[in-house]
1. If you count, for each residue, the other Cβ atoms within 10 Å and average over each peptide, how do 35-42, 79-86 line up from highest to lowest?
2. According to the square roots a ≥ b ≥ c of the eigenvalues of the Cα gyration tensor, what is the shape class of region 21-198, taking rounded for a/c under 1.5, prolate for a/b larger than b/c otherwise, and oblate for the remainder?
3. For labels at residue 124 and residue 70 in the simple 7 Å Cα→Cβ model, what's the distance in nm?
4. Using the number of other C-beta atoms within 10 angstrom as an exposure proxy, rank 21, 73 with the fewest first.
5. Sort 24-32, 140-148 for me by packing, meaning the mean count of neighbouring Cβ atoms within 10 Å per residue, highest on top.
6. Packing-wise, with mean Cβ within 10 Å as the measure, how do 51-62, 110-121 rank, highest first?
């Protein structure tokens, strides 16, 4: 392997690392009671600690105040899909749902940071106009088309007040919103916990290892061919992840419709 080829490989390796998709979900609970829950594929993966996904993330969150079931039934539900857009309008989307059997229990709020800074919404009453009450209330969804966007979820306070103008998180709200005590479970300034997500691990492109993983090209055209193949493979992986997220979004819509129909009966 020539020195120039080795340098190209090292540059490509760090380029892949830098461009890897990542999203952090943080919690702030100012209610003075309750425990945040972040649920992925039916499993509670955080009780308030910041959580970092190395790839797209699609899950739900709520504040467990006692009556909430595993998927947030009987409580206000926050639904999120965090993903880097690969097509126009294909980025992140987050909303609050009060479709039965979900119902209002505490003020629930969210805001993006690290992109679309401070954009989000708050539901502060049982009849707020910022939450889903039927499956067609699509206007309450808040989208973000920025790469590697993060999300802060707050209870009994306005999430956007915790996002600074530079796109980072503040340990206390800028406008003094929320009359409850300081956050007790998941301070906004806590260190994120890094974790790979099995349902979307293909979004992180692993660099090949081992002597057989990298073929030594015999000419400059061989190097270009290798780069083209890598781009093609990455494109295919991103397409698979996008399909998976689209399927989950469709599943959420179907879930809302089933809940709405069952409540009518």
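Values in this text are rule-based calculations from the coordinates and carry no lab data. Source: prediction; values computed, not measured. Cβ placement follows ideal geometry from the backbone for every residue including glycine, while neighbour counts extend to all protein chains displayed.
1. Numbers: 35-42: 18.1, 79-86: 21.6.
In descending order of packing, they fall as 79-86, 35-42.
2. Since a/c stays below 1.5, the shape of region 21-198 is classed as rounded.
3. Inter-label distance under the simple model: 3.6 nm.
4. Values: 21 20, 73 15.
By the 10 Å Cβ count, ascending: 73, 21.
5. Working: 24-32: 23.7, 140-148: 16.8.
Most protected by this proxy first, the peptides run 24-32, 140-148.
6. Working: 51-62: 23.8, 110-121: 22.1.
My ranking of the peptides, most packed first, is 51-62, 110-121.
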